[in-house]
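The structure appears right after this line, and notes come after that.
The values are calculated or read from the model by the stated rules, or taken from the named source; none is laboratory data. What you see is a predicted model, and the numbers here were worked out from it, not measured in a lab. Quick reminder, even Gly has a Cβ in these numbers, built from the backbone with ideal geometry, and neighbours come from all protein chains shown.
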Amino acid sequence: MASTNNGTPKPVRCAIYTRKSTDEGLEKDFNSLDAQRDSAEAYIRSQVGEGWACLPAQYDDGGCTGANMDRPALRRLLADSQAGKIDCVVVYKVDRLSRSIRDFAKIMEIFEKHGTTFVSVTQQFNTTTSLGRLTLNILLSFAQFEREIISERTRDKQSAARKRGKWTGGHLILGYDLDSGSSRLVINGEEAERVRSIFQWYLAGESVFSITAKAGQSGWHNKKWTTRDGKPYGGHPLRRAHIYNLLANVLYTGQIAVDGELYPGEHAAIVDQQTFDLVQARLKQNSTAGDNRHRTRMESLLRGLIYCAGCGSAMYQTYSSSKERRYRYYVCSRAQQQTEDYCVTRSVSAPAVEDAVVESIRRVSVHPHVLDETARVIRHRLTEEITRLREELNGVQLRVKNLKSQVARLRKPDANREAELKEQIGTGEARATELKREILVRERGRVDGEELRKTMEPFEALWKTMNIQEQSLLLRQLVDKVGYDGRTGKVTVSFKSASIKELCQK
């Protein structure tokens with residue numbers, strides 16, 4: 001027990017923290033938070049002889065979950081602890097402070113750092129000892145386990161209801177309203193026609209970009225509704241993400257997806273199954289075509305680098321096509337939103353901007369310092385990639401070895417088990433062969449400054465012989481960002497290092 005020079009106990013300023021997961025019953029004159037506080041105050045009074053005194057400030061979190069630290073009173077409690085205003089925190093039960101082991105560890109670390117002790121009224125612990133901390137963690141583990149069990153039961157209950165075709169809540173989608181009486185989805189006629197139009201446009205061959213533009217010209221918005229507590233939600237102009245989500249949503253067929261399986265829903269369909277299946281096939285086809293790494297990266301050479309100088313928003317690539325060819329563009333993301341403050345920057349030809357950036361690189365690419373730094377970064381990244389591949393290869397080879405041992409240890413004839421193990425062995429060996437090939441390719445890709453210097457002299461020819469990964473690596477090593485000003489048509493290239501910037505100015 002700490003004491004002052006005259007032998008009296010050193011004052012211990014105690015803060016009481018209370019919490020309740022729901023706000024049910026908090027309107028009563030005496031509620032759960034009051035009961036927790038009474039117990040804590042009684043405990044503090046029993047320690048008056050030790051100098052304990054209750055602080056007047058109240059730290060009550062009503063209607064707050066213990067699964068995270070996003071609680072107003074808890075934030076104030078931690079702030080006061082860090083400010084040295086609290087000597088001891090008293091709670092009725094450990095899980096009132098937190099139900100997460102990770103969060104509890106963070107809280108205790110803050111307490112210990114600022115000399116704040118911790119007491120549970122119903123579970124007395126001394127947090128200054130390793131045994132006390134171990135016991136706290138054990139109890140907290142049970143509290144977290146209980147929370148996870150409750151969550152699992154809730155998910156199972158919702159899953160069972162969804163398998164019976166019931167709507168279990170969530171964000172409403174365009175085309176449906178919620179019948180407050182039966183809690184069922186009912187068709188909104190006007191919105192349903194818009195949904196059908198979007199499906200038909202996509203089947204007719206229009207791109208998602210053009211569909212988004214048509215929807216914007218028609219003044220269409222995503223679903224707008226009001227939550228139970230009266231907060232408005234949605235009502236924004238349709239964007240490409242909204243269109244993609246709409247086209248892939250199986251709810252429009254009158255079905256509900258549960259754990260990868262489809263079940264008949266209680267709501268009526270807006271789109272027939274044949275139309276939906278055709279749309280999914282076209283989405284998959286377009287997605288597969290988009291997986292072509294060479295084409296995708298070639299067409300998005302400035303992805304993540306280019307921005308609109310007019311409004312500061314990112315620009316992304318899109319395209320329009322004819323029977324003969326495809327035309328690529330970069331467009332301002334804010335210009336597509338059609339909000340009150342949308343940007344007026346028009347789209348710009350992607351090849352034109354990319355050629356301007358390449359020309360800027362050409363002017364500095366032959367400088368020795370630039371070449372040496374580029375070679376160093378390429379070597380470093382190749383080394384990291386080779387290390388990762390070798391680690392994966394070792395893991396695959398170890399799994400194959402273990403699988404072969406399992407086959408050799410099979411005592412009773414079990415054709416199914418043996419076939420399963422041999423199939424896994426074949427898959428593992430195929431992956432090992434693929435990894436060895438990838439490692440060899442990267443080993444051959446190592447370069448040094450002198451080698452790079454010799455090949456960089458004819459830059460235009462070199463750039464054309466590079467594959468897209470090499471072009472992208474070189475570009476991102478040198479360039480920080482690319483600005484396009486739609487008002488003047490000017491392209492501004494910002495290089496990463498100060499030395500390169502100086503070279504550009506000479």
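Yes or no: segment 170-187 includes at least one residue that is outside the structural domain of Gly219 (by TED's automatic domain parsing), of a type in the set (Gly, Ala, Ser) and exposed (fewer than 11 other Cβ atoms within 10 Å of the Cβ). Within segment 170-187 (the criterion being outside the structural domain of Gly219 (by TED's automatic domain parsing), of a type in the set (Gly, Ala, Ser) and exposed (fewer than 11 other Cβ atoms within 10 Å of the Cβ)), the answer is yes, since at least one residue qualifies. For segment 183-200, a tally of residues being among the β-branched types (Val, Ile, Thr) and either in contact with a strand residue (DSSP E or B) (Cβ under 8 Å, 6 or more places away or on another chain) or in a loop (DSSP other than H, G, I, E, B) (or both) returns 2. Tallying residues that are out of contact with any helix residue (DSSP H, G or I) (no Cβ under 9 Å at 6 or more places or on another chain), surrounded by fewer than 19 Cβ atoms within 10 Å (Cβ to Cβ) and at pLDDT 75 or above within segment 278-308 yields 3. The single condition from (1) assigned by TED's automatic domain parsing to the domain that holds Arg487; (2) at pLDDT below 85; (3) among the hydrophobic types (A, V, I, L, M, F, W, C) that Ala241 fails is (1). For segment 28-36, does any single residue satisfy the condition of being in a helix (DSSP H, G or I), without any contact (Cβ under 8 Å) to a residue 60 or more places away in the chain and surrounded by fewer than 18 Cβ atoms within 10 Å (Cβ to Cβ)? Yes - at least one qualifying residue is present in segment 28-36. Only one of the numbered conditions (1) among the small types (Gly, Ala, Ser); (2) part of a helix (DSSP H, G or I); (3) within 23 Å of Leu178 (Cβ to Cβ) is not met by Gly230, and that is (2).
Screening the candidates Ala57, Ala73, Ala40 for the property of being surrounded by fewer than 16 Cβ atoms within 10 Å (Cβ to Cβ) and either in the same structural domain as Ile107 (by TED's automatic domain parsing) or in a loop (DSSP other than H, G, I, E, B) (or both) yields one hit, Ala57. Within segment 384-420, being surrounded by 11 or more Cβ atoms within 10 Å (Cβ to Cβ) and outside any helix (DSSP H, G or I) holds for Leu410, Asp414.
With respect to Ile86, is the statement that it is touching a strand residue (DSSP E or B) at 6+ places or on another chain (Cβ under 8 Å) and touching a residue at least 60 places away in the same chain (Cβ under 8 Å) true? Against the criterion (touching a strand residue (DSSP E or B) at 6+ places or on another chain (Cβ under 8 Å) and touching a residue at least 60 places away in the same chain (Cβ under 8 Å)), Ile86 qualifies. Which members of segment 81-107 meet the condition of being polar (S, T, N, Q) and either assigned to a helix (DSSP H, G or I) or surrounded by 22 or more Cβ atoms within 10 Å (Cβ to Cβ) (or both)? Those that are polar (S, T, N, Q) and either assigned to a helix (DSSP H, G or I) or surrounded by 22 or more Cβ atoms within 10 Å (Cβ to Cβ) (or both): Ser81, Gln82, Ser98.
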